[in-house]
1. Order these peptides, 248-261, 321-334, 269-282, by their mean beta-carbon neighbour count within 10 angstrom, highest first.
2. Only Lys, Arg, Asp and Glu count, each charged at its Cβ (+1, +1, -1, -1), so figure out the dipole size of the range 270-355 about its Cα centre, rounded to 20 debye.
3. Given Cα positions, please report Rg to Rh for the range 224-299, the hydrodynamic radius being the Kirkwood one.
4. Test of understanding: express the Cα radius of gyration of the range 240-358 as a ratio to 2.2 N^0.38 Å, with N the residue count.
5. If we sort 56-65, 95-104, 302-311 on the protection proxy, mean other Cβ atoms within 10 Å, highest first, what's the order?
6. For Glu310 and Lys47, what does the FRET efficiency come to when R0 = 41 Å and r is the distance between their Cβ atoms, rounded to the nearest 0.05?
7. Sort 188-194, 156-162, 198-204 by the packing proxy (mean of other Cβ within 10 Å over each peptide's residues), most packed first.
8. With every protein chain present, what is the per residue accessible area of the range 244-313 (1.4 Å probe, Å²)?
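The values are calculated or read from the model by the stated rules, or taken from the named source; none is laboratory data. Computed from a predicted model, the values in this text were never measured in an experiment. Heads up, the Cβs are rebuilt from the backbone with ideal geometry, glycines too, and the neighbour counts pull from every protein chain shown. Heads up: the accessible areas ignore ligands, DNA and RNA and are worked out on the full protein's heavy atoms, side chains in. Shrake-Rupley method; radii C 1.70, N 1.55, O 1.52, S 1.80 Å.
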Amino acid sequence: MALLNHTSNSPQLLTYLGAHYLASLIANVPSLIGSLAALGNPVGLVKNLGDGVSDFINEPVQGFKRSLEEMNPSFALDGVARGTGSLARHTVGGFADSAAMLTSTAAKNMAVLTLDRKYAQRRDKVIKLKAHDTKSANLLNGLQSGFSKLVSGILEGVTGVVSKPIKGAERSGIEGFAKGVGKGLLGLIVKPGIGVTDLITDTLIGVKGSVEGTASNMLISYSQVRPRRALYGDDRLVKPYRIDDATAAVIQSKLCLGGENYLDHVDMISSVALMSVRRLQILSSDGEEKLLLPFNEISKVEVQPKEDTEAFSVKIYLNKPNKDGSEVVEKVDCDDETMANLLCEKLTEAIQKQRFNL
C-alpha cells in the first residue's frame with residue numbers, strides 16, 4: 001500500500017498505518033506459524049521439496065540444451081545427475097530436518113517437565129550437532145552424539161533416584177525427602193526418554209548431513225563422463241588430452257583461482273599444487289587451502305631435504321623481507337625427492353612466464 005501526495009491529520013494517518021500493518025500481519029501469520037520449529041517448519045519442508053522438484057526438471061533440460069549447443073552428450077548426463085541428486089537431497093534432507101526439529105522441541109519440553117533446573121541448564125550447554133554443518137554432521141557422528149546423550153539421560157535418571165531425596169532431606173528434612181523422591185522417580189522416567197529423543201534428533205541431523213554430502217559427491221563424480229579438456233596458459237593452448245590436467249582444471253575453476261587461466265598442477269598425494277597463470281595454490285587432501293601466493297611475489301624456489309626423514313621440502317623465497325630484514329620463506333612438504341624436484345621445476349617455469357609477460 002502506498003499513499004502519494006496524501007494530506008490528513010494525525011488520527012487519520014494513524015488509522016491508515018494501523019490498517020496497513022494489521023493487514024500485513026494477517027497476511028503473514030500463516031507463514032510465521034508454518035515456519036515454527038515446534039511444528040517442524042512445514043513451510044521450509046515444502047520449499048525444500050519444491051526446490052528439489054524444480055531442479056529435477058530444470059537441470060536435465062539445461063543440460064540437454066547445452067549438449068545440443070556444444071555437441072557433447074555429457075552435459076545431458078550431467079543435468080540428469082544434478083537434478084536427481086538435488087531431488088534426493090532436498091526430499092530426504094527436508095524430511096529429516098523437519099523431523100529433527102519436532103523431536104528437538106519435544107526433548108526441550110520434556111526437560112522442563114523433570115522439574116530439575118540444573119539438569120535442564122547442563123543439557124542446554126551440551127554442544128549439539130549443527131544441522132547444516134556438512135563437515136561434522138553425518139550419520140556416524142549423529143549416532144555417536146545421540147548414543148552419548150542416551151547414556152547420559154539414563155545415568156541422570158538412575159543417579160537422581162538416589163541423589164534427589166538425599167539433597168531434599170538435607171535442605172528441608174522429611175518434606176524435602178518426599179519431594180526428592182518424587183523428583184527422582186519423575187527423572188527416572190523422563191530423562192531416559194529425553195535421551196531417546198536426543199538420539200533420534202541427532203541421528204536425523206546426521207542423515208541429512210550424509211545425504212547432502214552423498215549428493216554433492218555424486219554431482220562431482222558424475223558431473224561429466226570425462227572432465228573437459230584443459231586449455232593451458234593465457235593463450236589457452238590445446239594439448240593432447242590428459243585426465244589429470246582436466247580434473248585439476250575443473251577443481252581450479254571452483255576455487256579462488258577460477259577466474260584465471262589454468263597453467264599446471266603437481267599431485268603430491270597428501271596435497272596438490274594448482275598453478276594458474278598468476279598464482280600458486282596448495283590444497284590438502286581434504287580440500288583445505290594451505291598456501292596461496294602470487295608468482296610475482298616469489299623470488300626463487302629450491303629443494304631441501306628434511307632432517308632425519310626421507311621427505312623433502314620445496315622452499316619458496318618471497319620478495320618482501322621481514323621487518324628485521326630476514327627472508328620470508330614458505331615451505332611445501334613432499335613425500336619424496338622426485339615430487340619435490342617436479343614441483344620446483346614447474347614453479348620455476350611458471351615464475352619465469354609471469355616475469356616474461358610483465
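1. Order by mean packing, descending: 269-282, 248-261, 321-334.
2. 680
3. 0.95
4. 1.05
5. Peptide ranking by packing, descending: 95-104, 56-65, 302-311.
6. Efficiency computed from Cβ-Cβ geometry: 0.15.
7. Going by the mean number of other Cβ atoms within 10 Å, highest first, we get 198-204, 188-194, 156-162.
8. That works out to 49 Å² per residue.
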